[in-house]
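Below you'll find the structure, written out as structure tokens, and then a few comments.
The values are calculated or read from the model by the stated rules, or taken from the named source; none is laboratory data. Quantities reported herein were computed from a predicted structural model and do not represent experimental measurements. Cβ sites come from the backbone with ideal geometry, for glycine too, and all protein chains shown count toward neighbours.
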Amino acid sequence: MLRPMGQMKTFPTPPLLWRPPAPQPPGGLRVAWWIASRQRRDLLEVVTADSYRQPVTPIPVGRRKVFVVSDPDLIRYVFVDARTNYPKSDLMRAALGPLLGEGLLVSDGDTWVHDRQMLDPAFAQMRLEQVFPLMQQAVREHAEHLVALGDGIVVDLEEELSRVTADVIFRAIFSEPIAGADAAEVFAAFMRFQRGAPQFELDVVLRSDPAAPEPTPPAVLEDARAVRRLIGKLVDRRRAALARGETFVDFAQTAIDARDDQGQPFSQERLIDQLTVLFLAGHETSASALTWTLFMLNQQPEALARLRAEVLSVMGTRPMAFADAKSLQWTRAVFREALRLYPPAAFLTRVALADDQLGEVQVPRGSLIVVSPWVVHRHAALWSDADRFDPTRFTDGAPAPRPGSYIPFGMGPRVCTGASIAQLEAQLILAEHLRRFEFDPIHPERVKPVSRVTIRPRGGMLCRILQRDRRQH
Ligand code: HEM
């Protein structure tokens with residue numbers, strides 16, 4: 001039997017010297033000074049060196065108690081065993097509530113249980129196979145768009161990847177491209193909302209008071225309303241198409257057809273909540289992860305060569321098929337390693353409803369609990385040579401990470417519903433784009449990560465796109 005290239009030992013492991021960029025962790029005193037002097041600092045910068053070594057680290061100053069929890073067993077406790085004491089934080093609801101209403105990402109309690117049960121079938125393997133051709137079409141058209149831009153064009157890589165991931169998820173939801181006038185307006189209003197929404201910056205987190213949530217500026221609220229109006233219009237259009245006898249196999253259809261135990265469908269408002277969640281959760285995260293994947297591959301030519309060799313061996317020159325995903329093992333391992341080093345959702349926040357104890361630490365009611373995939377994935381006790389890019393951590397035969405130490409999609413009942421589609425999409429984009437193009441960052445040495453809604457390159461990542469010889473794909 002032919003072994004897929006991903007398992008062959010023909011390529012050297014990545015050079016040991018290169019370290020993907022990350023802020024140098026400061027000491028607690030320096031952070032206390034930043035906080036006391038009200039300096040605006042990015043959240044990634046204020047994670048103290050202790051957090052990468054200790055199970056629970058308090059952040060010392062501020063109106064409310066904040067704890068960074070980095071021990072896998074305690075993370076499991078917060079996310080699984082004692083989860084009813086640790087619902088989603090008020091910060092998250094204040095930032096995203098105007099856009100997402102009671103959508104899955106921000107809802108809690110009975111509402112969340114009810115809605116998650118209704119939506120889970122949308123993400124079954126069979127449904128993914130059905131939406132795959134829609135995803136494929138989006139990626140194909142994006143490749144054509146890059147070709148049309150011209151050989152050697154310089155673009156902001158993350159912006160370009162947001163374009164394709166938004167289109168992929170939009171087609172998977174509504175079976176239509178984002179280029180349509182309404183869809184493009186959703187995308188534009190959504191981008192404005194993101195830029196204007198209260199960010200999770202240090203001073204916002206520390207000033208936050210559960211009793212008086214951070215107000216959302218009126219212009220941002222209007223953008224949220226615009227997104228919701230447009231999604232509502234797309235749902236109405238779908239209902240009209242259904243009345244004409246048309247049929248669909250996308251996520252919107254699954255959500256429209258979903259029924260609860262009582263045989264009840266989602267209300268129109270709740271349907272808009274859920275479809276907006278899928279759009280939000282489904283494209284920014286993927287764009288961020290793919291930006292860092294392409295950046296690191298550019299810095300690690302052996303890993304990139306191995307990926308291209310795998311694509312050639314699995315797919316030849318034909319387009320990727322759904323069934324190829326399981327053979328593209330190195331591509332998958334590269335993406336998983338990128339999610340380890342640059343988890344798009346770097347800070348997952350919860351609030352303690354009652355006093356509790358996490359390990360040795362007393363946690364008073366109202367405390368903000370921060371579980372940071374960024375910290376856990378770089379924790380010295382959990383990963384060997386944690387700062388190094390090494391996809392072989394995730395190839396066949398490598399020891400499985402300790403439960404709770406690899407959490408790019410979260411953990412427990414609130415784990416990401418879109419993890420499978422995100423990985424499938426990443427394999428599709430990496431396989432199809434890397435055989436056609438080189439992605440060369442203009443100033444790789446200047447690339448620094450910052451934490452916004454996702455982990456992104458500070459000031460963007462200008463990148464030259466070169467078209468590869470057509471015979472190679
Ligand atoms: C690389 C891509 C992605 C990453 C890293 C990611 C990460 C996450 C994380 C960490 C959570 C849990 C948040 C928490 O516990 O506070 C989450 C939740 C969620 N994600 Fe994703 N996600 C990705 C892609 C997607 C996609 C493609 C979709 C949908 C098509 C999606 C839909 C959701 C939904 C609906 C939730 C809420 C689940 C719940 O609370 O029941 N995500 N995601």
| message | Filter segment 148-158 down to the residues that are more than 20 Å from the chain's Cα centre (by Cα) and within 20 Å of Thr291 (Cβ to Cβ) and list them by number. | response | Leu149, Gly152, Ile153, Val154, Val155
| remark: The condition from (1) modelled with pLDDT of 95 or more; (2) out of contact with any Gly (no Cβ under 6 Å at 6 or more places or on another chain) that Arg127 misses is numbered (1)
| said: Here's a check for you: in segment 263-321, which residue that is closer than 23 Å to Thr417 by Cβ, among the aromatic types (Phe, Trp, Tyr) and part of a helix (DSSP H, G or I) is nearest to the ligand (Cβ to nearest atom)? | reply: Phe279
| said: I'd like to check something: does segment 86-103 contain any residue that is among the polar types (S, T, N, Q), part of a helix (DSSP H, G or I) and in contact (Cβ under 8 Å) with a residue 24 or more places away in the chain? | reply: no
| said: Name the residue that is modelled with the lowest pLDDT, counting only residues in segment 328-372 that are surrounded by fewer than 21 Cβ atoms within 10 Å (Cβ to Cβ) and over 18 Å from Asp71 (Cα atoms). | reply: Gly366
| Would segment 172-188 turn up any residue that is within 11 Å of the ligand (Cβ to nearest atom), farther than 27 Å from Pro441 by Cβ and under 19 Å from the mean Cα position of the chain (by Cα)? | yes
| task | Name the residue, out of Ser327, Ser372, Ser313, that is out of contact with any Leu (no Cβ under 9 Å at 6 or more places or on another chain), of a type in the set (Gly, Ala, Ser) and touching a residue at least 40 places away in the same chain (Cβ under 8 Å). | result | Ser327
| message | If a residue must be within 25 Å of Val56 (Cα to Cα) and either surrounded by fewer than 18 Cβ atoms within 10 Å (Cβ to Cβ) or polar (S, T, N, Q) (or both), how many such residues does segment 76-107 contain? | response | 8
| remark: Being surrounded by fewer than 16 Cβ atoms within 10 Å (Cβ to Cβ) and of a type in the set (S, T, N, Q) narrows Gln54, Gln39 down to just Gln39
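Residues checked against (1) modelled with pLDDT under 95; (2) within 27 Å of Ala22 (Cα to Cα):
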residue	(1), (2)
Pro408	no, yes
Gly412	no, no
Thr417	yes, no
Phe437	no, yes
Pro444	yes, yes
Thr454	yes, yes
Gly460	yes, yes
Cys463	no, yes
Gln472	yes, no
| task | State yes or no: is Gln136 more than 13 Å from the ligand (Cβ to nearest atom), within 25 Å of Leu290 (Cα to Cα) and crowded, with 18+ Cβ neighbours inside 10 Å? | result | yes
| message | Give me the residue from segment 340-358 that is of a type in the set (A, V, I, L, M, F, W, C) and either near the ligand (Cβ under 9 Å from one of its atoms) or in a loop (DSSP other than H, G, I, E, B) (or both) and, out of that set, farthest from Ala289 (Cα to Cα). | response | Ala354
| message | Testing Gln194 on (1) of a type in the set (S, T, N, Q); (2) modelled with pLDDT of 90 or more; (3) within 16 Å of the ligand (Cβ to nearest atom), one condition comes back false. Which one is that? | response | (2)
| said: Restricting to segment 377-419, give me the number of residues that are touching a residue at least 12 places away in the same chain (Cβ under 8 Å), within 19 Å of the chain's Cα centre (by Cα) and either near the ligand (Cβ under 9 Å from one of its atoms) or in a loop (DSSP other than H, G, I, E, B) (or both). | reply: 16
